[in-house]
1. Starting at the first residue of region 79-87, write each ³J(HN,Hα) from the Karplus equation 6.51 cos²θ - 1.76 cosθ + 1.60 with θ = phi - 60°, in whole Hz, x for Gly and Pro.
2. Can you give me the long-range amide H partners of Ser305? Hydrogens built in the peptide plane at 1.01 Å from N, cutoff under 5 Å, separation of 5 or more residues or another chain.
3. Among 60-71, 136-147, 23-34, how do they line up by average Cβ neighbours within 10 Å per residue, starting with the highest?
4. Per-residue counts of other Cβ atoms within 10 Å, averaged by peptide: what ranking do you get for 268-276, 311-319, highest first?
5. Give the carbon-plus-sulfur fraction of the accessible surface of region 191-337 in %, rounded to a whole number; probe 1.4 Å, heavy atoms of protein chains only.
6. I need the semi-axes of the equivalent ellipsoid of region 60-148: take the C-alpha gyration tensor, multiply each eigenvalue by 5, square-root it, list largest first in whole angstrom.
7. Show log10 I(q)/I(0) for region 1-146 at q = 0.12, 0.14 Å⁻¹, two decimals, from a solvent-free Debye sum over equal Cα scatterers.
8. Quick one: what are the phi-derived ³J(HN,Hα) couplings along region 222-228, Karplus 6.51/-1.76/1.60 with θ = phi - 60°, whole Hz, x for glycine and proline?
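The values are calculated or read from the model by the stated rules, or taken from the named source; none is laboratory data. Quantities reported herein were computed from a predicted structural model and do not represent experimental measurements. Here the Cβ positions follow ideal geometry from the backbone for every residue, glycine too, while neighbour counts run over all protein chains shown. Protein only, heavy atoms only, side chains kept; ligands, DNA and RNA dropped before computing areas. Shrake-Rupley method; radii C 1.70, N 1.55, O 1.52, S 1.80 Å.
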Amino acid sequence: MMEGSVKKPYLAVLAIQSIYAGMFLLSKVAFDVGMNTSVFVFYRQAAATVFLAPIALLVERKTAPRLTFTTFFMIFMLSLIGITISLNIYGVALKYTSATLAAATTNSLPVVTFLLALLFRMERVELGSVGGIVKVLGIGLCMGGAATIAFYRGPTLRLLMQHHLINHHDQQLQLNPSSGQAWVKGVFLMILANTCWSLWLVVQGRVLKAYPSKLLCTTLQCFTSTIQSFVVAIALVRDPREWQLGWNVKLLSVAYCGIVVTGVTFYLQAWVVEKKGPLFLAMTTPLALIITIVTSALLLGEIISLGSILGGLLLVGGLYSVLWGKNREHKIESDITFVDDIEKAGEPTKTVETTAVKNPAP
(Lines give C-alpha, C1' and ligand atoms only; values in the text may rest on other atoms or scores of the structure.)
Protein backbone atom coordinates (compact mmCIF):
# COMPACT_ATOMS: atom_id res chain seq x y z
CA MET A 1 0.00 0.00 0.00
CA MET A 2 2.80 2.36 1.00
CA GLU A 3 4.80 1.47 -2.10
CA GLY A 4 1.83 2.28 -4.35
CA SER A 5 1.41 5.76 -2.81
CA VAL A 6 5.13 6.46 -3.39
CA LYS A 7 4.83 5.53 -7.07
CA LYS A 8 1.71 7.65 -7.72
CA PRO A 9 3.51 11.04 -8.12
CA TYR A 10 5.94 9.47 -10.60
CA LEU A 11 3.09 7.96 -12.61
CA ALA A 12 1.29 11.33 -12.48
CA VAL A 13 4.24 13.30 -13.89
CA LEU A 14 4.71 10.66 -16.59
CA ALA A 15 1.04 11.15 -17.53
CA ILE A 16 1.43 14.96 -17.49
CA GLN A 17 4.47 14.99 -19.77
CA SER A 18 2.89 12.38 -22.07
CA ILE A 19 -0.20 14.58 -22.39
CA TYR A 20 1.99 17.57 -23.28
CA ALA A 21 3.86 15.49 -25.86
CA GLY A 22 0.49 14.54 -27.36
CA MET A 23 -0.42 18.24 -27.49
CA PHE A 24 2.73 19.10 -29.48
CA LEU A 25 2.11 16.25 -31.93
CA LEU A 26 -1.63 16.73 -32.48
CA SER A 27 -1.30 20.52 -32.81
CA LYS A 28 1.44 20.04 -35.39
CA VAL A 29 -0.65 17.53 -37.35
CA ALA A 30 -3.70 19.84 -37.31
CA PHE A 31 -1.65 22.76 -38.66
CA ASP A 32 0.04 20.60 -41.28
CA VAL A 33 -3.30 19.40 -42.67
CA GLY A 34 -4.39 23.01 -43.11
CA MET A 35 -6.09 24.18 -39.92
CA ASN A 36 -5.75 27.89 -39.30
CA THR A 37 -3.80 28.60 -36.10
CA SER A 38 -6.11 31.43 -34.89
CA VAL A 39 -9.25 29.34 -35.44
CA PHE A 40 -7.57 26.45 -33.59
CA VAL A 41 -6.85 28.64 -30.55
CA PHE A 42 -10.48 29.85 -30.45
CA TYR A 43 -11.94 26.34 -30.64
CA ARG A 44 -9.42 25.04 -28.10
CA GLN A 45 -10.27 27.70 -25.52
CA ALA A 46 -14.01 27.31 -26.17
CA ALA A 47 -13.73 23.55 -25.54
CA ALA A 48 -11.77 24.20 -22.32
CA THR A 49 -14.42 26.69 -21.10
CA VAL A 50 -17.33 24.33 -21.82
CA PHE A 51 -15.50 21.52 -20.01
CA LEU A 52 -14.36 23.49 -16.93
CA ALA A 53 -17.34 25.82 -16.32
CA PRO A 54 -19.80 23.26 -14.87
CA ILE A 55 -17.06 21.65 -12.73
CA ALA A 56 -15.88 25.03 -11.39
CA LEU A 57 -19.43 26.19 -10.57
CA LEU A 58 -20.23 22.91 -8.85
CA VAL A 59 -17.04 22.82 -6.76
CA GLU A 60 -16.28 26.48 -5.95
CA ARG A 61 -19.51 28.45 -6.47
CA LYS A 62 -20.32 28.67 -2.75
CA THR A 63 -16.79 29.35 -1.52
CA ALA A 64 -15.64 31.78 -4.25
CA PRO A 65 -15.01 35.41 -3.19
CA ARG A 66 -16.86 38.30 -4.83
CA LEU A 67 -15.51 39.14 -8.26
CA THR A 68 -14.74 42.87 -8.42
CA PHE A 69 -14.21 44.83 -11.63
CA THR A 70 -10.52 45.30 -10.78
CA THR A 71 -10.01 41.58 -10.28
CA PHE A 72 -11.90 40.75 -13.50
CA PHE A 73 -9.75 43.26 -15.41
CA MET A 74 -6.60 41.61 -14.01
CA ILE A 75 -7.89 38.18 -15.13
CA PHE A 76 -8.79 39.60 -18.56
CA MET A 77 -5.30 41.05 -19.09
CA LEU A 78 -3.64 37.91 -17.72
CA SER A 79 -5.53 35.72 -20.21
CA LEU A 80 -4.80 38.17 -23.04
CA ILE A 81 -1.02 38.02 -22.58
CA GLY A 82 -0.49 34.53 -21.16
CA ILE A 83 -3.10 32.60 -23.16
CA THR A 84 -4.45 34.42 -26.23
CA ILE A 85 -1.25 36.09 -27.42
CA SER A 86 0.96 33.22 -26.25
CA LEU A 87 -1.07 30.48 -27.98
CA ASN A 88 -1.47 32.44 -31.22
CA ILE A 89 2.27 33.06 -31.44
CA TYR A 90 2.92 29.43 -30.47
CA GLY A 91 0.66 28.21 -33.29
CA VAL A 92 2.50 30.23 -35.94
CA ALA A 93 5.86 29.12 -34.53
CA LEU A 94 4.84 25.45 -34.59
CA LYS A 95 3.76 25.80 -38.22
CA TYR A 96 7.27 27.02 -39.09
CA THR A 97 9.13 24.42 -37.03
CA SER A 98 8.43 21.00 -35.47
CA ALA A 99 6.82 19.25 -32.52
CA THR A 100 10.30 18.36 -31.22
CA LEU A 101 11.32 22.02 -31.15
CA ALA A 102 8.13 22.94 -29.27
CA ALA A 103 8.91 20.27 -26.66
CA ALA A 104 12.56 21.36 -26.43
CA THR A 105 11.76 25.03 -25.85
CA THR A 106 9.38 24.24 -22.97
CA ASN A 107 12.54 23.47 -20.97
CA SER A 108 13.32 27.19 -21.15
CA LEU A 109 10.07 28.09 -19.31
CA PRO A 110 11.49 27.94 -15.74
CA VAL A 111 14.57 29.87 -16.87
CA VAL A 112 12.56 32.62 -18.64
CA THR A 113 10.18 32.75 -15.66
CA PHE A 114 13.17 33.21 -13.34
CA LEU A 115 14.50 36.04 -15.54
CA LEU A 116 11.13 37.83 -15.50
CA ALA A 117 10.82 37.34 -11.73
CA LEU A 118 14.32 38.84 -11.47
CA LEU A 119 13.19 41.90 -13.46
CA PHE A 120 10.12 42.27 -11.23
CA ARG A 121 12.40 41.91 -8.15
CA MET A 122 10.54 38.78 -7.06
CA GLU A 123 13.83 36.81 -7.30
CA ARG A 124 17.46 37.71 -6.66
CA VAL A 125 20.88 36.39 -7.65
CA GLU A 126 23.76 36.23 -5.18
CA LEU A 127 26.78 36.23 -7.50
CA GLY A 128 29.04 35.54 -4.52
CA SER A 129 27.33 32.21 -3.79
CA VAL A 130 27.55 28.88 -5.61
CA GLY A 131 23.77 28.83 -6.12
CA GLY A 132 23.78 32.28 -7.74
CA ILE A 133 26.66 31.39 -10.09
CA VAL A 134 24.93 28.16 -11.15
CA LYS A 135 21.70 30.07 -11.87
CA VAL A 136 23.55 32.52 -14.12
CA LEU A 137 25.23 29.54 -15.81
CA GLY A 138 21.78 28.03 -16.38
CA ILE A 139 20.56 31.21 -18.07
CA GLY A 140 23.63 31.14 -20.34
CA LEU A 141 23.04 27.47 -21.23
CA CYS A 142 19.41 28.22 -22.04
CA MET A 143 20.37 31.10 -24.38
CA GLY A 144 23.03 28.89 -25.99
CA GLY A 145 20.47 26.13 -26.50
CA ALA A 146 18.01 28.47 -28.21
CA ALA A 147 20.76 29.84 -30.48
CA THR A 148 21.95 26.31 -31.35
CA ILE A 149 18.46 25.17 -32.34
CA ALA A 150 17.89 28.33 -34.39
CA PHE A 151 21.17 28.59 -36.31
CA TYR A 152 22.65 25.08 -36.45
CA ARG A 153 20.89 22.14 -38.08
CA GLY A 154 23.81 19.77 -38.70
CA PRO A 155 23.44 16.15 -39.86
CA THR A 156 19.91 14.73 -39.82
CA LEU A 157 18.52 11.43 -38.59
CA ARG A 158 15.43 9.73 -39.96
CA LEU A 159 14.16 6.45 -38.53
CA LEU A 160 13.80 3.62 -41.06
CA MET A 161 10.04 3.77 -41.55
CA GLN A 162 8.30 4.19 -44.87
CA HIS A 163 4.73 5.01 -43.79
CA HIS A 164 3.69 7.86 -41.51
CA LEU A 165 0.41 9.50 -40.53
CA ILE A 166 0.94 12.54 -42.77
CA ASN A 167 3.53 13.95 -45.14
CA HIS A 168 5.39 15.93 -42.58
CA HIS A 169 6.03 19.65 -42.79
CA ASP A 170 9.79 19.13 -42.43
CA GLN A 171 9.85 17.46 -45.85
CA GLN A 172 8.33 20.61 -47.38
CA LEU A 173 10.83 22.79 -45.53
CA GLN A 174 13.73 20.93 -47.08
CA LEU A 175 12.40 21.63 -50.58
CA ASN A 176 11.83 25.31 -49.81
CA PRO A 177 14.91 27.55 -50.34
CA SER A 178 13.78 29.93 -47.60
CA SER A 179 13.25 27.10 -45.09
CA GLY A 180 16.29 28.21 -43.05
CA GLN A 181 14.76 31.65 -42.56
CA ALA A 182 11.39 30.12 -41.68
CA TRP A 183 13.02 27.86 -39.10
CA VAL A 184 14.92 30.73 -37.41
CA LYS A 185 11.74 32.83 -37.39
CA GLY A 186 9.84 29.91 -35.85
CA VAL A 187 12.43 29.41 -33.10
CA PHE A 188 12.30 33.02 -31.98
CA LEU A 189 8.50 33.09 -32.16
CA MET A 190 8.47 29.98 -29.94
CA ILE A 191 10.76 31.70 -27.41
CA LEU A 192 8.47 34.77 -27.54
CA ALA A 193 5.43 32.55 -26.88
CA ASN A 194 7.22 30.98 -23.91
CA THR A 195 8.10 34.45 -22.62
CA CYS A 196 4.40 35.43 -22.68
CA TRP A 197 3.56 32.18 -20.90
CA SER A 198 6.31 32.81 -18.32
CA LEU A 199 4.88 36.29 -17.70
CA TRP A 200 1.54 34.59 -17.08
CA LEU A 201 3.19 32.30 -14.50
CA VAL A 202 4.80 35.27 -12.71
CA VAL A 203 1.64 37.42 -12.57
CA GLN A 204 -0.67 34.47 -11.84
CA GLY A 205 0.42 34.42 -8.19
CA ARG A 206 -0.70 38.01 -7.64
CA VAL A 207 -4.06 37.38 -9.33
CA LEU A 208 -4.70 34.30 -7.18
CA LYS A 209 -4.08 36.37 -4.04
CA ALA A 210 -6.92 38.68 -5.14
CA TYR A 211 -9.12 35.76 -6.29
CA PRO A 212 -7.99 32.52 -4.57
CA SER A 213 -10.57 30.19 -6.20
CA LYS A 214 -8.13 28.44 -8.54
CA LEU A 215 -10.64 26.48 -10.62
CA LEU A 216 -12.99 29.43 -11.17
CA CYS A 217 -10.02 31.69 -11.93
CA THR A 218 -8.80 29.22 -14.58
CA THR A 219 -12.32 28.98 -16.05
CA LEU A 220 -12.63 32.76 -16.22
CA GLN A 221 -9.29 32.96 -18.00
CA CYS A 222 -10.44 30.32 -20.50
CA PHE A 223 -13.72 32.20 -21.02
CA THR A 224 -12.12 35.62 -21.55
CA SER A 225 -9.44 34.13 -23.82
CA THR A 226 -12.21 32.47 -25.88
CA ILE A 227 -13.74 35.90 -26.54
CA GLN A 228 -10.34 37.42 -27.29
CA SER A 229 -9.36 34.53 -29.58
CA PHE A 230 -12.66 34.83 -31.46
CA VAL A 231 -11.99 38.53 -32.12
CA VAL A 232 -8.49 37.69 -33.42
CA ALA A 233 -9.71 34.78 -35.55
CA ILE A 234 -12.69 36.62 -37.08
CA ALA A 235 -10.41 39.54 -37.98
CA LEU A 236 -7.86 37.29 -39.70
CA VAL A 237 -9.98 34.46 -41.14
CA ARG A 238 -13.03 35.39 -43.24
CA ASP A 239 -13.40 32.18 -45.24
CA PRO A 240 -16.18 30.03 -43.62
CA ARG A 241 -14.52 26.84 -44.90
CA GLU A 242 -11.53 27.47 -42.59
CA TRP A 243 -13.89 27.35 -39.59
CA GLN A 244 -15.21 23.86 -40.42
CA LEU A 245 -14.01 20.98 -38.27
CA GLY A 246 -15.65 17.69 -39.27
CA TRP A 247 -14.87 14.25 -37.79
CA ASN A 248 -11.14 14.42 -38.42
CA VAL A 249 -7.78 15.17 -36.80
CA LYS A 250 -8.73 18.86 -36.47
CA LEU A 251 -11.63 18.06 -34.13
CA LEU A 252 -9.49 15.53 -32.25
CA SER A 253 -6.73 18.13 -31.72
CA VAL A 254 -9.18 20.77 -30.49
CA ALA A 255 -10.90 18.36 -28.08
CA TYR A 256 -7.60 16.95 -26.82
CA CYS A 257 -5.94 20.34 -26.22
CA GLY A 258 -9.07 21.94 -24.78
CA ILE A 259 -10.29 19.13 -22.53
CA VAL A 260 -7.36 16.81 -21.77
CA VAL A 261 -4.52 19.36 -21.66
CA THR A 262 -6.44 22.14 -19.89
CA GLY A 263 -8.69 19.97 -17.72
CA VAL A 264 -6.79 16.82 -16.79
CA THR A 265 -3.29 18.31 -16.48
CA PHE A 266 -4.62 21.17 -14.33
CA TYR A 267 -5.77 18.67 -11.71
CA LEU A 268 -2.71 16.40 -12.04
CA GLN A 269 -0.22 19.27 -11.77
CA ALA A 270 -1.98 20.71 -8.71
CA TRP A 271 -1.93 17.24 -7.09
CA VAL A 272 1.79 16.67 -7.86
CA VAL A 273 2.78 20.12 -6.55
CA GLU A 274 0.81 19.42 -3.35
CA LYS A 275 2.47 16.00 -2.86
CA LYS A 276 6.05 16.60 -4.07
CA GLY A 277 6.41 20.36 -4.60
CA PRO A 278 6.89 22.54 -7.74
CA LEU A 279 10.59 21.65 -8.09
CA PHE A 280 9.77 17.96 -8.61
CA LEU A 281 7.26 18.83 -11.34
CA ALA A 282 9.63 21.23 -13.12
CA MET A 283 12.45 18.65 -13.11
CA THR A 284 10.30 16.22 -15.12
CA THR A 285 9.83 18.65 -18.05
CA PRO A 286 12.53 16.94 -20.22
CA LEU A 287 10.35 13.80 -20.27
CA ALA A 288 8.02 15.56 -22.72
CA LEU A 289 10.98 16.22 -25.04
CA ILE A 290 12.08 12.56 -25.01
CA ILE A 291 8.54 11.29 -25.64
CA THR A 292 7.99 13.85 -28.42
CA ILE A 293 11.27 13.02 -30.20
CA VAL A 294 10.46 9.31 -30.30
CA THR A 295 6.77 9.57 -31.21
CA SER A 296 7.17 12.34 -33.80
CA ALA A 297 9.93 10.36 -35.54
CA LEU A 298 7.88 7.14 -35.51
CA LEU A 299 4.42 8.54 -36.30
CA LEU A 300 5.16 11.64 -38.37
CA GLY A 301 8.52 10.77 -39.90
CA GLU A 302 9.92 13.98 -38.42
CA ILE A 303 13.56 14.58 -39.30
CA ILE A 304 15.71 14.94 -36.19
CA SER A 305 18.71 17.21 -36.65
CA LEU A 306 21.89 17.21 -34.57
CA GLY A 307 21.30 20.90 -33.83
CA SER A 308 17.90 20.13 -32.29
CA ILE A 309 19.38 17.42 -30.07
CA LEU A 310 22.34 19.56 -28.93
CA GLY A 311 20.12 22.60 -28.39
CA GLY A 312 17.63 20.50 -26.43
CA LEU A 313 20.41 19.16 -24.20
CA LEU A 314 21.64 22.71 -23.52
CA LEU A 315 18.09 23.81 -22.66
CA VAL A 316 17.69 20.86 -20.29
CA GLY A 317 21.09 21.69 -18.75
CA GLY A 318 19.98 25.29 -18.26
CA LEU A 319 16.73 24.12 -16.67
CA TYR A 320 18.46 21.86 -14.14
CA SER A 321 21.14 24.48 -13.37
CA VAL A 322 18.56 27.14 -12.47
CA LEU A 323 16.48 24.65 -10.45
CA TRP A 324 19.57 23.37 -8.60
CA GLY A 325 20.75 26.92 -7.84
CA LYS A 326 17.32 27.92 -6.53
CA ASN A 327 17.07 24.78 -4.42
CA ARG A 328 20.54 25.31 -2.91
CA GLU A 329 19.79 28.94 -2.02
CA HIS A 330 16.47 27.90 -0.50
CA LYS A 331 18.20 25.28 1.69
CA ILE A 332 20.82 27.79 2.86
CA GLU A 333 18.10 30.34 3.72
CA SER A 334 16.16 27.65 5.64
CA ASP A 335 19.29 26.67 7.60
CA ILE A 336 20.04 30.30 8.48
CA THR A 337 16.45 30.85 9.63
CA PHE A 338 16.62 27.69 11.76
CA VAL A 339 19.90 28.80 13.43
CA ASP A 340 18.50 32.31 14.06
CA ASP A 341 15.41 30.82 15.71
CA ILE A 342 17.59 28.70 18.02
CA GLU A 343 19.78 31.70 18.91
CA LYS A 344 16.69 33.83 19.65
CA ALA A 345 15.34 31.11 21.91
CA GLY A 346 18.62 31.14 23.89
CA GLU A 347 18.67 29.94 27.51
CA PRO A 348 14.95 29.18 27.84
CA THR A 349 15.39 26.40 25.30
CA LYS A 350 18.20 24.83 27.33
CA THR A 351 16.13 25.11 30.54
CA VAL A 352 13.21 23.34 28.94
CA GLU A 353 15.52 20.57 27.67
CA THR A 354 17.07 20.11 31.19
CA THR A 355 13.65 19.97 32.83
CA ALA A 356 12.51 17.38 30.32
CA VAL A 357 15.53 15.20 31.16
CA LYS A 358 14.98 15.49 34.95
CA ASN A 359 11.26 14.76 34.62
CA PRO A 360 10.95 12.18 31.84
CA ALA A 361 7.49 11.44 30.49
CA PRO A 362 5.84 8.38 32.03
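1. So the J values, rounded to whole Hz, are 5, 5, 7, x, 10, 4, 5, 4, 5.
2. Leu157
3. Working: 60-71: 11.3, 136-147: 19.7, 23-34: 21.5.
In decreasing order of mean packing, 60-71, 136-147, 23-34 become 23-34, 136-147, 60-71.
4. Working: 268-276: 15.3, 311-319: 23.2.
The most tightly packed comes first, giving 311-319, 268-276.
5. Roughly 72 percent, rounded to a whole number.
6. On the way: eigenvalues 187, 109, 22 Å².
Its equivalent ellipsoid spans semi-axes of 31, 23, 10 Å.
7. -0.82, -1.06
8. 4, 5, 5, 5, 5, 5, 4
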